[in-house]
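Q: Below you'll find the structure I mean.
The values are calculated or read from the model by the stated rules, or taken from the named source; none is laboratory data. These numbers come from a predicted model, not from an experiment. For neighbour counting, all protein chains shown are included, and Cβ atoms are generated from backbone atoms with ideal geometry for every residue, glycine included. Areas reflect the complete protein model, heavy atoms only, side chains present, ligands, DNA and RNA absent. Shrake-Rupley method; radii C 1.70, N 1.55, O 1.52, S 1.80 Å.
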Amino acid sequence: MAEPEAKICLTFDFDAISVWPGALGMTSPAAVSRGEFSGRVAVPRVLDILRREEVSATFFVPGITIEAWPDLCRRILDEGHEIGHHGYHHITPVTLDEAAEREQLEQGLEAMDRVLGGHRAVGYRSPGAELSANSTRLLAEHGFLYESSMSAQDFEPYWCRTGDVIEPNGVARLGNEIELLEIPFSWTLDDMPQMEFIMTSDGVFLEGLSDPEKCQRMWLADLDYMVEEIPGGVFTMCFHPEIIGRGARIRVLERMIARGKEHGARFMPARAAAEDWIGRHPLRGQ
C-alpha cells in the first residue's frame, strides 16, 4: 500500500482588534490600529495569494471579529477556506471558570450562525493556545471534531484526553481519550513570538522582530524534516495575518507554499486533515 501523502495545514488566527483589548488589555488607538490592519490589508492580501496558488486554508476567528468584518469572513468561506472557532472575545480559557468558558464557546458559535448564514465550526484553537482543565470536555460536548492548541506530537494528530490531574509535585495522572482530535500546534511554527513586538504599560511583553528569512529557514527545515521522516504527516503552520501579511513578510508565506508544492504535499484545511486521520486511526473502542 502506498504511503499517505504529506499534508500542510496553513492556519491563520484572524484576531484583528480582539487580541489587544481581550488578551492584552490595550485599548489605545495605536494598539487598535495594529489589529485593524489585519482586516483592512492583511487578510485580503493573504486571500489573494491563496487564490492565486489554489491553496485552501483554515482561519480561526473570534466571534467579535466575525461581527466586525462580516463581508471578509464571508469571502473566506466563499473562496473555499475553513473558519474555525477562536473564542468570542480573545480571552484565554485558563482565566475562566467553567460557566464563563462555556459562554465564550456558545457566543462564538452563535456569532457564526447569525452572521455567516448558519456556519458551524468543527475546529477550535484557543485564544493564546492555552486550555483549561474543562476545555476538551466542553469541546466534545459541543460536537467539535478537532482542536489545535496542544503539542504532545509535532506532525501527527492524536486523540485528546479529559480528566488529567497534575499534582503540585508534578506527578501526572492522565485521563481518558475522548472523541476529539488534536491537530498539533507549536509555538515554534507560529509567527507571533518570532516576528511581533508588543510593549504594554508593564514593559516589553514580546520582543519579536526576527529577520523573516531566519523564520523562513526554521519553518522550511521543519517542513523538510516532516516530509522526509513522517510518512503522511500533518504540518500545521500558525500565522497571524497582521504579522505575516505586513510588507515583505508575505514572501515567507509564498515561499512556504512553493516548497510544499516541490515536495508534492497536499494543502488542505485542518478539518480535512482531521477527517483523513480519523478515517485511518479510529478512536479505540469505536
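Q: What does the charge count around Pro93 come to, taking other residues whose C-beta lies under 9 Å from its C-beta (Lys +1, Arg +1, Asp -1, Glu -1)?
A: Taking every Cβ under 9 Å from that of Pro93, the sum is -2.
Q: Now for a different question. Would you please name the GluC sites (Glu not before Pro) within the range 111-157 that are DSSP coil residues with at most 13 other C-beta atoms within 10 Å of their C-beta?
A: Glu130
Q: At what distance in angstrom do the alpha carbon centres of the range 166-225 and the range 68-144 lie from each other?
A: The range 166-225 and the range 68-144 have Cα centres separated by 20 Å.
Q: Quick one: accessible area per residue over the range 1-71, 1.4 Å probe, rounded to a whole number of Å²?
A: Accessible area per residue, the range 1-71: 42 Å².
Q: In addition: Write down the radius of gyration of the range 1-127 and its Dmax, each obtained from C-alpha positions, in Å.
A: Considering the range 1-127 through its Cα atoms, Rg and Dmax are 15.4, 58 Å.
Q: Counting Lys +1, Arg +1, Asp -1, Glu -1, what net charge surrounds Val19 among other residues with beta carbon under 12 Å of its beta carbon?
A: Taking every other residue near Val19 into account, the sum is -4.
Q: Using +1 at the Cβ of each Lys and Arg and -1 at the Cβ of each Asp and Glu in the range 162-218, identify which of Met199, Thr162, Leu181 lies farthest towards the dipole's positive end.
A: It is Met199.
Q: Also, I was wondering about something else. Sum up the charges of everything whose Cβ sits under 13 Å from the Cβ of Pro212, counting Lys and Arg as +1 and Asp and Glu as -1, but leave Pro212 out.
A: +1
Q: Run the simple label-point estimate for Asp202 and Glu167 please: 7 Å along Cα→C-beta, distance reported in nm.
A: For Asp202 paired with Glu167, the spin-label model returns 3.1 nm.
Q: Which one is right for this structure if semi-axes √(5λ) of the Cα gyration tensor in Å is calculated from it: (1) 26, 25, 20; (2) 35, 21, 18; (3) 67, 18, 14?
A: Comparing each candidate, only (1) matches the computed number.
Q: Still on this structure: Can you pull the three principal axis extents for the Cα set of the range 106-259, in Å, largest first?
A: On the principal axes, the range 106-259 reaches 43, 41, 38 Å in Cα extent.
Q: Please report the carbon-and-sulfur percent of the accessible area for the chain; probe 1.4 Å, protein heavy atoms only, DNA, RNA and ligands left out.
A: 50
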